[in-house]
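Colleague: Mind having a look at this structure? Questions to follow.
What follows is calculated from the coordinates using simple rules that are stated; it is not laboratory data. In this text the structure is predicted, and so the values were computed from the model without any measurement. Here the Cβ positions follow ideal geometry from the backbone for every residue, glycine too, while neighbour counts run over all protein chains shown.
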Amino acid sequence: MELESILLPGIPVQRPLVIAGPCSAETEEQVLLTAKALAAGGIKMFRAGVWKPRTKPGGFEGVGSQGLKWLKRVKQETGMYTLTEVATAKHADEALKQGIDTLWIGARTTTNPFAVQEIAEALRGVDIPVLVKNPVNPDLELWVGALERLNNVGLKRIGAIHRGFSSYNKKVVYRNSPHWNIPIELKRRYPQLPVISDPSHIGGRRDLIYLLAQQAMDMNFDGLMIEAHPDPENAWSDAAQQLTPDGLREVLLALVIRNGAVSDEKLSELRQQIDDLDSQMLELLARRMQVSQEIGIFKKEHGLTVVQNSRYNEILMKRMAQAREMGIRPEFVRMLLEAIHDESVRQQVEMMNRKE
Ligand code: PEP
Ligand code: MN
């Protein structure tokens, strides 16, 4: 992907890029009140949703196009840049017509390639930054696919928003599990792509925002999108997760932004140790695979099946108990062993069915 900066004129190149504003534009007064308080606190990018994708009908579905005019006023009266969510080509056309500065595609829309393509076509030939939220399901390729669809119509100023992934079990701590490895892999593949974290939608609760934002900063993400509302408890959407403008200011002030250079000697030495350990692990893995191949030959000669459940179970139980004693999380060791076992089985099956 050919990428260019998403930063608009006057926005400093520094971490974090902060985008703040209410989940939804509710009334003209609420929008302007929030915007003025945020602008006074130094915020330069103002978000508000006017079309709200709701899981079920009957809830507040946004004020629609009239909200764009309120955003226009925000821009005129505070000088802040404005952002809104678009889910259809029509939304994109209207937002462009009203001079919205940056668009974002919501998590539910990112899951739908037809919708993303339609929005992309509506933006063909337009030079506007567009941010793409991760899809609701933990599917990196779908996220990348949406970014590519935008890039393919010539949009270069694109970025990603990490807002967490939904799961069936709603009792977990977070509203949407972070699965940090997914945005980290995205960043590994596209180092130039800005990744903005949305701790409001990950946490789903005000009190979790600070810690999640700090984590995102420690993972070297580029920005934060945080919901703010003058009266969060009575917000028309996402009431549990919005901060007051003052609350947001406190969160931002408390963040520790680590921007040290990576040339430190001690760090290089520790990294050398990691490199050595990793290569030892790989050598061990290769040896393990060789032994597993020999077992495969034995199984073939003796008419045994590749998978022997009792043996696999024994391995898992033993290693997890051992891990616990060594202070390593057993669940982590289970995942690791599952991956190793999976590869062993694949190799043995392939070998057994090879025509000599
Ligand atoms: C939002 O930003 O208010 C929103 C609807 O978010 P998401 O698409 O991440 O659910
Ligand atoms: Mn919201």
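Colleague: For the range 262-356, run through the trypsin sites (Lys or Arg not before Pro) and keep only the ones in DSSP coil with at most 12 other Cβ atoms within 10 Å of their Cβ.
Modeller: Those that pass, being in a loop and sparsely packed, are ARG354, LYS355.
Colleague: I'd like to compare 106-112, 245-251: which one has the highest average count of other Cβ atoms within 10 Å, and what's the full order after that?
Modeller: 106-112, 245-251
Colleague: Shifting gears a bit: Which residues in the range 292-335 place their backbone N less than 15 Å from a point set 7 Å from the Cα of VAL349 along the Cα-to-Cβ direction?
Modeller: What the label zone holds, given the 15 Å backbone N cut-off, is 305-309.
Colleague: Starting from the amide H of THR82, placed 1.01 Å from N in the peptide plane, find each other amide H under 5 Å away whose residue is 5 or more places distant or on another chain.
Modeller: Those lying under 5 Å, H to H, from THR82 are PHE46, ASP101, THR102.
Colleague: Give me the distance between the Cα centres of the range 310-338 and the range 184-250, rounded to whole Å.
Modeller: Going from one Cα centre to the other spans 35 Å.
Colleague: If you don't mind, there's one more thing I want to ask. If each DSSP helix of 4+ residues adds -39,500 (n - 2.57) and the sum is divided by the residues in the chain, what number results at 222 nm, nearest 500 deg cm²/dmol?
Modeller: Using -39500 (n - 2.57) per qualifying helix, the result is -15500 deg cm²/dmol.
Colleague: Something else about it: Divide, for the range 17-254, the radius of gyration over alpha carbons by 2.2 N^0.38 Å, where N is the residue count. Mind showing how you got there, number by number?
Modeller: Working: Rg = 16.3 Å, N = 238, 2.2 N^0.38 = 17.6 Å.
Compactness ratio reported: 0.93.
Colleague: Tell me, MET335, MET1 in order of fewest to most beta-carbon neighbours within 10 Å? All intermediate terms of the calculation are to be shown ahead of the outcome.
Modeller: Values: MET335 11, MET1 15.
Ranked by crowding around the Cβ, least crowded first: MET335, MET1.
Colleague: For LYS318, which lysines qualify as cross-link partners when the Cα separation must be under 24 Å and same-chain residues fewer than eight apart are set aside?
Modeller: Correct list for LYS318: LYS299.
Colleague: Let me ask another. Any chance you could count the Lys pairs in the range 17-254 whose alpha carbons are under 12 Å apart, treating pairs 8 or more apart or on different chains as valid?
Modeller: Working: LYS36/LYS44; LYS36/LYS75; LYS44/LYS75; LYS69/LYS97; LYS72/LYS97.
Going through the range 17-254 pair by pair, I get 5.
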